Amino acid sequence: MTQNDLLNITYANLDLARSEMTKILVDRQPGYSLPRPLYTDPYLFRIDVEEIFQKEWLFVGMTSEIPSKGDYFTVEIAQNPVLIVRDADGSVNAFHNTCRHRGSRICLEARGKVANLVCPYHQWTYNTKGNLLYAGTEMGEGFNLSEHRLHDVHCKTAGGFIFICLGDTPPDSDFDEFLSTLDEYMAPYDVEKTKLAAESTMHEKANWKLVIENNRECYHCAGSHPELLNTLLEWDDTTDPRASAEFLAYCKRMAAEWEAEAIPHAHKNFGQRNRLVRMPLKEGTQVMTIDGSQGCSKLLGRIKNRQLGSLRILHLPNSWNHMQSDHFIVFRVLPISAQESLVTTKWFVHKDAVEGVDYDPDRLRQVWDATNDQDRILGEENQRGINSLSYQPGPYSKTYEYAVLDFLNWYSDRVLDNLNTSS
């Protein structure tokens, strides 16, 4: 069998898989978990990659990770290496981390600082705007440098968050409105004056959708997350159907404090994809540390109230975040295979905070290191159960798991829309 024969089989299988994906999503039972192939099948996973992770806006990192010209970090999105770099004019640029000569990766480290971007293979050199500066005399007199700049990746920033889109035409819809609101809600934190204090990367043997589903409910929290529940209230927001009268009164009292400090807090939804909501933590606690006391002696930005609660920011398909008075935590999920995901967690503090004096990275990490590992076990056991031939979709609770339903409805709609657009 020739290589072309193998390629034809692959393409034929993918065409069949697209048809099967469409049928499964159209026929799926509303209010129930997804059919087994959507969590297990490698062909349907590839469609997830092509129709979600190669077409939608993805969260990749924070602008304060690359504060100066030439600072960069890299990320790989389902075998697509991407480079994020700070330009001399202060802008944040994103490029495919692939040399225009022979395709080698250019920046090999997770993060670093460069004067120019130099491919280690044959030393082709690009500036931080992606323009090719040098390719050597070996390419001949007629070689045109301007025709071989790095391939751009769509990139937008707001409130210190960096989003990229690998697609030719990124979806806008209400995304710019979300970015504008994100700027407003993140202004009190002054993200450009923060720094990365700690980072963890966790390899979870579960489909990326199971990772997100687990995050979108706290039905499991009481039985699984004792460290987290030292400070976190289970209710997702004031519209949570389980919210008690005492909780609503507490939220109202805290809202008055936020307003006195001009801290934005109104619940903002942008379809099912993006959401911002400020919620109080347990009364008497300040931040998500093991005992609820301060995580860093320096407050962020213009914040004065240590009991600020948490600004929760959701961005589908791959991020949730907690912004607090003295540090904030961002989470990023990336798919690896049909049954593997990469979960990255980062903790940020004021840029002038001194490690060992103002904050202890281990203490900052303690709650979420425990919670992430607990969630990893839950996700992996969920995946192993779904792998069983006996698995069939089960019903979600409309009160405890309504946010999971929102996610799956968003996912289903986006895949179907993107499949229809590309067909």
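Scan the stretch 53-61 and give yes if some residue there is in contact (Cβ under 8 Å) with a residue 12 or more places away in the chain and surrounded by fewer than 18 Cβ atoms within 10 Å (Cβ to Cβ), otherwise no.
So the first thing to find is which residues in the stretch 53-61 are in contact (Cβ under 8 Å) with a residue 12 or more places away in the chain, and the list is 53-61.
From what's left, surrounded by fewer than 18 Cβ atoms within 10 Å (Cβ to Cβ): 54.
So far as the stretch 53-61 goes, yes, one or more of its residues are in contact (Cβ under 8 Å) with a residue 12 or more places away in the chain and surrounded by fewer than 18 Cβ atoms within 10 Å (Cβ to Cβ).
Looking at Gly140, Gly167, which one is of a type in the set (Gly, Ala, Ser) and under 24 Å from Val118 (Cα atoms)? Spell out the reasoning first.
Working: Gly167 fails: under 24 Å from Val118 (Cα atoms).
Exactly one of Gly140, Gly167 is of a type in the set (Gly, Ala, Ser) and under 24 Å from Val118 (Cα atoms), namely Gly140.
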> Is it the case that Trp208 is open to solvent by less than 10 Å² (accessible area, probe 1.4 Å), among the aromatic types (Phe, Trp, Tyr) and over 29 Å from Arg363 (Cβ atoms)?
Replying inline: yes
> For Glu381, which of the numbered conditions (1) open to solvent by 40 Å² or more (accessible area, probe 1.4 Å); (2) in contact with a helix residue (DSSP H, G or I) (Cβ under 6 Å, 6 or more places away or on another chain) fails to hold?
Replying inline: (2)
> Of the residues Thr231, Thr157, which single one is touching a strand residue (DSSP E or B) at 6+ places or on another chain (Cβ under 8 Å), more than 20 Å from Asp406 (Cβ to Cβ), in contact (Cβ under 8 Å) with a residue 24 or more places away in the chain and of a type in the set (S, T, N, Q)?
Replying inline: Thr157
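Could you check the stretch 325-354 and list, in sequence order, the residues that are among the small types (Gly, Ala, Ser) and farther than 24 Å from His265 by Cα?
Taking the stretch 325-354 and keeping what is among the small types (Gly, Ala, Ser), we get 325, 337-338, 341, 353.
Within the stretch 325-354, Ser337, Ala338, Ser341, Ala353 qualify.
The rows are residues; the columns are (1) of a type in the set (A, V, I, L, M); (2) free of Cβ contacts under 8 Å to residues at least 12 places away in the same chain.
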| position | (1), (2) |
| --- | --- |
| Gln307 | no, no |
| Trp320 | no, no |
| Gln324 | no, no |
| Ile329 | yes, no |
| Gln339 | no, no |
| Gly356 | no, yes |
| Gln374 | no, no |
| Tyr402 | no, no |
| Asp406 | no, no |
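Residue-by-condition table, conditions (1) open to solvent by 10 Å² or more (accessible area, probe 1.4 Å); (2) under 21 Å from Glu401 (Cα atoms); (3) modelled with pLDDT under 95:
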position	(1), (2), (3)
Thr238	yes, yes, yes
Arg242	yes, yes, yes
Ile263	no, no, no
Leu281	no, yes, no
Asp291	yes, no, no
Ser319	no, yes, no
His322	yes, yes, no
His327	no, no, no
> Within the stretch 223-336, which strands (runs of 3 or more DSSP E) (wholly inside it) include 2 or more residues that are of a type in the set (A, V, I, L, M)?
Replying inline: 274-279, 310-315
>> Given the options Thr344, Thr371, name the one that is among the hydroxyl-bearing types (Ser, Thr, Tyr), crowded, with 16+ Cβ neighbours inside 10 Å, modelled with pLDDT of 95 or more and within 21 Å of Glu56 (Cβ to Cβ).
In response: Thr344
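Has the stretch 304-315 got any residue that is touching a helix residue (DSSP H, G or I) at 6+ places or on another chain (Cβ under 9 Å), under 30 Å from Tyr411 (Cβ atoms) and not aliphatic (A, V, I, L, M)? If you could, list the steps in order and put the result at the bottom.
The first filter runs over the stretch 304-315 and keeps only residues touching a helix residue (DSSP H, G or I) at 6+ places or on another chain (Cβ under 9 Å), leaving 305, 307-309, 311, 313-315.
When the remaining residues are screened for being under 30 Å from Tyr411 (Cβ atoms), the result is 309, 311, 313-315.
Imposing the further condition that a residue be not aliphatic (A, V, I, L, M) reduces the set to 309, 315.
Taking every residue of the stretch 304-315 in turn, at least one turns out to be touching a helix residue (DSSP H, G or I) at 6+ places or on another chain (Cβ under 9 Å), under 30 Å from Tyr411 (Cβ atoms) and not aliphatic (A, V, I, L, M).
For (1) within 28 Å of Ser337 (Cβ to Cβ); (2) free of Cβ contacts under 8 Å to residues at least 40 places away in the same chain, each residue gets a yes or a no:
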position: Pro120; (1), (2): yes, yes
position: Gly130; (1), (2): no, yes
position: Gly167; (1), (2): yes, no
position: Tyr189; (1), (2): no, no
position: Lys193; (1), (2): no, no
position: Ala198; (1), (2): yes, no
position: Val211; (1), (2): yes, no
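Out of Val343, Val349, report the one residue that is touching an Asp or Glu at 6+ places or on another chain (Cβ under 6 Å), among the β-branched types (Val, Ile, Thr) and touching a residue at least 40 places away in the same chain (Cβ under 8 Å). Steps first, answer last, please.
Numbers: Val349 fails: touching an Asp or Glu at 6+ places or on another chain (Cβ under 6 Å).
Checking each option against the conditions leaves just Val343.
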> Taking the stretch 376-404, which residues are of a type outside the set (Ser, Thr, Tyr), assigned to a helix (DSSP H, G or I) and over 17 Å from Asn207 (Cα atoms)?
Replying inline: Ala403
> Counting only residues that are touching a helix residue (DSSP H, G or I) at 6+ places or on another chain (Cβ under 6 Å) and open to solvent by less than 20 Å² (accessible area, probe 1.4 Å), which one in the stretch 384-406 is farthest from Thr344 (Cα to Cα)?
Replying inline: Ile386
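The values are calculated or read from the model by the stated rules, or taken from the named source; none is laboratory data. Keep in mind the model is a prediction, meaning the values are calculated, not measured. Glycine gets a Cβ as well: all are built from the backbone with ideal geometry, and neighbour counts include every protein chain shown. Surface accessibility is based on the protein's heavy atoms, side chains included, excluding ligands, DNA and RNA. Shrake-Rupley method; radii C 1.70, N 1.55, O 1.52, S 1.80 Å.
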